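Q: The structure is given below, and queries will be raised subsequently.
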Amino acid sequence: PVGCYTLRMPGSVEVPQGTVRDLVASFGDAFARQGFQAVVVLNGHGGPGHNAALEEACRKVSRKHGIRMNYPLGRVLTDVMKGKLVDRIAHHLGRALTDEEKHELAHDYHAGRMETSLALDHHPQLVKGDPRELPPVEHSMIGMMRYWWGDLVGRGPGYMGFPHKADPALGRALE
């Protein structure tokens, strides 16, 4: 459980971005030497520098050993925020997304509508309190970076997005 671009709080193990990249590349090298032709990196941390380190490690190992090492979550997060998965999400919901929903998905960075919807669908007993009572916290990408890693760190509720609009049906559509 190491990462970069983590929150400065108890339990976070912050290491330099290069350390994350090199550690994951070392695992990939080891798997390649053992004969693996495909390696998938799974991760639950969405920090931008962390995701970049994982993607860089995958490219490095893939080129070095001629195998396929992939980190799919980084691409999915980017595609959701850029609106590239709107049609797919709408298809699984069985309805079109409103302009407001599209905007919110693009600004739902951490423990907001998407992640809370997934939790409500998969493990509702783990969602504490009623997310419908939480106010939205919306920032631009620059504002989000200040909030998590800059001068605003530790001055917010711990989520960024729209958890008050979470819905188990959206959680199923995001799978």
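Q: Determine whether region 157-167 contains at least one residue that is at pLDDT 75 or above, closer than 12 Å to residue 113 by Cβ and acidic (Asp, Glu).
A: Yes, there is a match, as at least one residue in region 157-167 is at pLDDT 75 or above, closer than 12 Å to residue 113 by Cβ and acidic (Asp, Glu).
Q: Continuing with the same structure: Inspect region 120-139 for any residue being among the aliphatic types (A, V, I, L, M), assigned to a helix (DSSP H, G or I), open to solvent by less than 90 Å² (accessible area, probe 1.4 Å) and modelled with pLDDT under 90 and give the result as yes or no. Quick ask: steps written out before the conclusion?
A: Applying the first criterion (among the aliphatic types (A, V, I, L, M)) to region 120-139 yields 120, 126-127, 134, 137.
Restricting the remaining residues to those that are assigned to a helix (DSSP H, G or I) gives 120, 126.
Pick out the ones that are also open to solvent by less than 90 Å² (accessible area, probe 1.4 Å) and you get 120.
Subset that is modelled with pLDDT under 90: none.
No; the residues of region 120-139 include none that is among the aliphatic types (A, V, I, L, M), assigned to a helix (DSSP H, G or I), open to solvent by less than 90 Å² (accessible area, probe 1.4 Å) and modelled with pLDDT under 90.
The values are calculated or read from the model by the stated rules, or taken from the named source; none is laboratory data. All values reported here derive from a predicted model rather than from experimental measurement. Every residue, glycine among them, receives a Cβ derived from its backbone with ideal geometry; neighbour counts consider all protein chains shown. Side chains included, ligands, DNA and RNA excluded: accessible areas come from the protein's heavy atoms. Shrake-Rupley method; radii C 1.70, N 1.55, O 1.52, S 1.80 Å.
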